[in-house]
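Q: Please find one structure pasted underneath; my questions will follow.
Rule-based calculations on the coordinates, nothing more; no lab input. All of these numbers come straight from a predicted model, not from anything done at the bench. Here Cβ is always computed from backbone atoms with ideal geometry, including for glycine, and neighbour counts include all displayed protein chains.
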Amino acid sequence: MCYSTSLRKKRQQIQQSLINLSDADFEFPLEYDPYYHLNGFTYGNLYIIKMDEPEAIYPASWGLVPSWGIHDPVAFRKKSNTLNARAESIFEKSSYRESAESKRCLILADGFFEPHHENGVSIPHFCYQPSKEYPEGDLFMFAGLYNELDDQLFSATILTVEANEFFAEIHNKRRRMPLVLAKDLFEDWMDEGMNQQSLNELMAYGFTSKEFKAHPVTRDLYKKGINTNTPEFLEPVDKGTLF
């Protein structure tokens, strides 16, 4: 599962990275705030590109609230964890069905955190895609779903799929991974003409082929009452489990 992400890029860096991929720009540029560590259970903002408005990047509260829950999102979230949606069942679950059909999105990120278990101990690992320009982690896109909370207020969830060989070694308990889409599938994921069968095939085979790396980070990431949104929580620690 994916309950923590990072998006460290400045707005100008994101715009540069999106050249030749998307014309999207921030709808509320002054509100954009990069982060080193976003804990999904704080329901903070992810940044999404919606299929019905691909030219805009909107903030979206993490944890999708379906139409039948928007009268009281707090109560809905107390009963339901919708930070992630299993790709295999989004057309079956009432929380996701409507969004799967017509409210898909791309979710911007440049890293995420997964637990690796050793001798009953959970060790958080930071996962990222190094590049020549950004060795600390390039921009990528999760496949996501969204829904409106109000006028220009949104909620979103990150899709997960069965882990590939690399992420099965890292997330070695549940063996899941967030669906990081291959760049050439962005338009297909956002295409309103895609039917359920085509979308299921895309989710099954659409994970990027670009290389990921991962390293262990401090277990202080799991502590409550401390500020984890700082660079040191991404620094490698010596746990002998570099990937």
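Q: Within region 10-66, track down each residue that is farther than 23 Å from residue 194 by Cβ and among the basic types (Lys, Arg).
A: Answer for region 10-66, where residues must be farther than 23 Å from residue 194 by Cβ and among the basic types (Lys, Arg): 10, 11.
Q: Counting only residues that are touching a Leu at 6+ places or on another chain (Cβ under 6 Å) and not charged (D, E, K, R), which one in region 109-129 is surrounded by the fewest Cβ atoms within 10 Å (Cβ to Cβ)?
A: 124
Q: Given the options 233, 142, name the one that is among the aromatic types (Phe, Trp, Tyr) and either within 18 Å of residue 86 (Cβ to Cβ) or touching a Cys at 6+ places or on another chain (Cβ under 8 Å) (or both). I'd like the intermediate steps shown before the answer.
A: Numbers: 233 fails: either within 18 Å of residue 86 (Cβ to Cβ) or touching a Cys at 6+ places or on another chain (Cβ under 8 Å) (or both).
So the residue among 233, 142 that is among the aromatic types (Phe, Trp, Tyr) and either within 18 Å of residue 86 (Cβ to Cβ) or touching a Cys at 6+ places or on another chain (Cβ under 8 Å) (or both) is 142.
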